[in-house]
Structure formats: structure tokens, C-alpha cells
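Here's the structure, in C-alpha cells; my notes come after.
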Amino acid sequence: MKILTMLRRLIPEFWDTDPDAGPYKSLFNYHRIWRLAIGLLAVVALVPLIVMTLIDYNVTRSSLESENLLRAARTTSNTRRAVSYFLDERKNALEYIVLQEDVGGLRDQQRLARVLDALMGSFSGFVDLGLIDGHGKQVAYVGPYQLQGRDYSNQPWLRRTLEKGAFTSGVFLGYRDVPHLIVAIRCLVDGEQYVLRATLDTEQFNNILGGLDLSGGGDAFLVDADGVLQTPSRWNGPVLSRTTLQIPEYSDTTHVLITRDQSDREFIVGYAYITDTPFILLLVKPTAELMKPWQTIRIELLWMLVVSIVLIMLVIVGVATYMVGKIYIADQTRARTLHHMEHTNRMASIGRLAAGVAHEINNPLAIINEKAGLVRDLFTYKKEYQHDERLIATIDSIIKSVERCGAITKRLLGFARHIDVQIEKIRFRDLTEEVLSFLHKEAEYRSIAIGLDIADDLPEFESDRGKLQQIFLNLVNNAFQAMSDGGKLSIAARRQGKDALLFAVSDNGCGIPEADRKRIFEPFFSTKKKRGGTGLGLSITYGLVQELGGEMSVESEVGKGTTFTITLPLRAQIKGA
């Protein structure tokens, strides 16, 4: 209601005017147009906005989900490489010892102890080191446990090491009753197989996963193919307990999938099988935690939509009100123009009447002129009057006044004769002199120099004399208004090709700014409204040129002057006649 009240104050004529009331009857129901404009503009503006918001909503959600999946895949791959590097580094260290050391000499406890010290100094995680013969007996051992002479012949890891040449075990308790894992390398001494076996501390192993920065309350841990935890898990418990998640199928590459647990909670799970080990890396993130930023984005989108709708509606209401108001004003202008046309028709009738009167006046003027001439002849031949200069001068004054009245009535007859469309052959020089005769006195008074540049071989052309008189009279009038006293006006004419003539009216007046040049032919546009300009002169002139089948253009520079150029056909092409 406040907005409507404000609009009523802004345009009271539009809002309060009855279409059938007032001096100028309106063609439309502006209340209805205003409501229809707002409705249509609202649909055109808001429907795309809402559609784009929904698209952005879905795209943003999909992008966030894709980003979470990519981040999970990237973290899983990086962690997989870190675990593989940790195990491969220690396996390569044992292989280096096998290549560089005399394996047979490693039976010596002191020498084996020096090797273990070197390993522990260079790599973290080593606990003990043992040499086992091909029958499974540990022939040499260095470490915190009493495992010298321990028999491993029935251990599966020993058989696999002898078969494959290297072995990395999962986490198990073994004789120590402490979670650990082993790395074993096969070696030959005098044709007899031995196994160099190292025990790794799970604490250093666990730190690889414990140091991960997992956003959204995620969890990363290692399991074996049976689902037994090889590292501690935040959600699934300590080492060697079982996970509730389903173990994914084997794959050489990293994969990410979305799954649910027994409580129907949704998780993003990244997994990777670590080559040549029993370990499977699982990275688990709850989807609800990862999508929390989306809740904030969704609220921001909603607020943006609401604010945008409010702003758009305000603009739509303002624009619709402004445009309908302009239409209303144009309608009122139309009505006033129609009344003006009626007035013009009346004036045309008066002009015809004046032309008739002028024609009737010509008859007594002719008699006066004849009788005055006769009296002058009589005075000239009679001796008593021929030397009376005052009397002769009086008679001459009467004759000149009659000639002046005749010229005035002739011009009136000329203009009155061309109110209706009438095609005739025209000499441009004669037409120019007729037009300038009406402005001759003003040009003398303001010291405006008028130059004519009309080619001598300019042919006669067919057109409507009355319209041409109005065209050039308007252009010369405009030039006079643009120039200060002492200005210069030039009217030029030449042939343009075979079938056209080119006319130019130039002045050295104030010129027209570039912004106004684009609009000077629009109805009611005027830069002289404060001086009584209506904005119709050039518009009417432009229309008359088009009616005659011609074209009109303008060139102007502020402070230097303006040139109007008109191109007309040699043979009349009256439009709408």
C-alpha cells in the first residue's frame, strides 16, 4: 500500500485519470496496462532467475560432492604411496644388507648387532633382526626378546619368503604377544637358503595414518582381506579387531565409492590395495559432515534469491510505472496534436481566404498603378507640372507602394496555391529566392550574409513546390536561430548522379552536440524549449523529405556550424500521395 501511495504521488495524472474523462480522451486503460506490464516483466525476469538459482543450487551441490570425492581419492592415493614407501624402504634396506654383507658372517651375534644398530640409526621402526636357515631354525638373533634357536618351520610366512624371495606380513601377535609385522628377504650362502628377517614396530607404522589431516571427522586405517584392523581406527576400535565395513573387491588402482553402514549412515570410502602386502587402505568420511558447508551455501543462495526478487520487483514496478506514464503522456500529446491539426486546418482555410482576398486586392491595385502612371505621364507632359519635383516624387511613391503591395500579394498567392499536393517542374534558384524573400529583412537587420552556390547547369526537376518551400524555409529558419549576428548562410545545389539532385544548407552557428544529433529528427525533441521551441520543425522537415522520395542527413561540429544535406530525385516520387 505504501508503494502504491508513493506511485500515486509520483504520477497522479496517470493514476487518477479516468480514460473517458478530461479534455483529451485516452485510448487505453492505463491501470490495466500497468498491472499487465508488471506481471509480464516479473515473469520474464524472475523465471530465468529462479531457474538459474535452481541450476546453481544443483551444480554447486554436485561440485561440492565431486570435490569431496576427488579429495578423498587424492588423500587415499597419497597415503597409499606413503605406506608403500615405508615398507619398501625397509625391505630395500634388508636387500642391501644381503647384497653387501657376508650373509654367512651374520651368524656372528656381534656383527648382526652392528647391522641392526645401523638399521635403527638410519630407519625408524626396526625392533630386532634374525637369520633363519632353510629348515626354519633361527640361527642368529639380535633384539629385546629371547628368540635364539626359535623354530619357524611351520610358519606360513617362511614358506612364502622361500618361494617368492621377499615377504611382508600383516600385523600379528606371534611369540611376542605384541602387535608387530615382519619383513623377510631370502638369501643364499654356499648354495643353502637363508632368510633375513626384521621385525617392525607398529607404532611408527601407525603414525603414518595418525598424522593425516582428515576434514569432516574422517577415519583412515589399514585392514587385511578378512576385515581385521592392522592399525587403530577411530570408529572401529584397536588393532586386530574387526571392521563393520564391507571389504571392497581387489583393484590395482585407487577407488572412491559411497556406501552406508548398518545404521544407514552414508559414507565416502576411498580404498587402495597396497601392492605385495596384505594391507588394504580404507579412508572413511561421513557425508553429512562433509556437506555441512553446503548448508551455509544453501542459506546464502536463498537469501540472494529473496533479495534479488525484491530488488527486481522494485525495479519492475518503477520501470512499468515510468513507461506507462510515458505512454500516457504520449497519448495526451497525441490528443493535443489532433486538436492542433484541427487548428491548422482552420488556419489553412483562413490562408485560402486570405489568398482570395489578396487576389481580389490585386485588381484595385492594378487600377491604382495604371491611374498613377497616367497622372505621372500627364504631369510630365504639362509644362506647369513637369518641374514640380515634389509632385512627381509623390506620384513615384504611390507607384512603388503599389508595386510593393503587388509583390506581397503575389507571395501570399504563391504559398496559398501550394497547400494541396501539386507536382510541377521547379527551378531551384527561383524557389530559393522565393524562400529568402520572406527572411530578407531579418538577414539585413542581423547582418547575416547569404551565399548561393547553385550550378548553372542544374536541371529543372519535378516535385511539390509547397513542400519544398516549407522544407527550406524550416532549414533557413533553424540556421538563423543557430547563428549570432554577422553569421554566414550558404545554400548549395548540384547534380548527384543521373537521377538525383543534392541540396545543402550550411551555417556557421553554434553546432549540434553529438548526443543530440542522433535525436534531432525525433518528434518533440528540441534544444530550444526554453526559447519556445516545440521540437517539431526538423521532424516535420524530415517527414516532408521522405514524402518527396528523398533522404536527409546532418553533419555538425560544436562551435563551427551545421550542414543539412538533402537528396531528391529528378522525377517526383511522392509517398502517400
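The values are calculated or read from the model by the stated rules, or taken from the named source; none is laboratory data. Model, not experiment: these values are computed from the prediction. Using ideal geometry, Cβ is built from the backbone for each residue, glycine included, and neighbour counts are taken over all protein chains shown. Each accessible area value is taken on the protein alone, full model and side chains, heavy atoms only, with ligands, DNA and RNA left out. Shrake-Rupley method; radii C 1.70, N 1.55, O 1.52, S 1.80 Å.
Leaving out ligands and nucleic acids, and using a 1.4 Å probe, what accessible area per residue does region 23-101 come to in Å²?
Roughly 62 Å² per residue, with all protein chains present.
By the gyration tensor of its Cα atoms, with a ≥ b ≥ c the square roots of the eigenvalues, what is the shape of region 212-294: rounded for a/c under 1.5, prolate for a/b over b/c, or oblate?
Prolate is the answer for region 212-294, as a/c is 1.5 or above and a/b outweighs b/c.
Which of rounded, prolate or oblate describes region 142-259 when judged by the alpha-carbon gyration tensor and an a/c cut-off of 1.5?
prolate
Using the alpha carbon gyration tensor of region 107-199, what are the three equivalent-ellipsoid semi-axes (square root of 5 times each eigenvalue), largest first, in whole Å? The partial results should precede the final answer.
Numbers: eigenvalues 67, 54, 34 Å².
Output for region 107-199: semi-axes of 18, 16, 13 Å.
Within region 459-487, what residues put their amide N at less than 17 Å from the label point 7 Å along the Cα-to-Cβ vector of ARG429?
Answer for region 459-487: 459-461.
Per residue, how much accessible area does region 420-488 show when a 1.4 Å probe rolls over the protein heavy atoms, in square angstrom? Write out the running numbers ahead of the final one.
Working: 3660 Å² over 69 residues.
Counting only protein heavy atoms, the per-residue value for region 420-488 is 53 Å².
Using 1/(1 + (r/R0)^6) with R0 = 45 angstrom and r between the beta carbons of GLN246 and ASP56, what's the FRET efficiency to the nearest 0.05?
After rounding to 0.05, the efficiency reads 0.80.
Taking the Cβ of LEU112 as the center, what net charge do the other residues with Cβ under 12 Å away carry, scoring Lys and Arg +1 and Asp and Glu -1?
Net charge around LEU112: -1.
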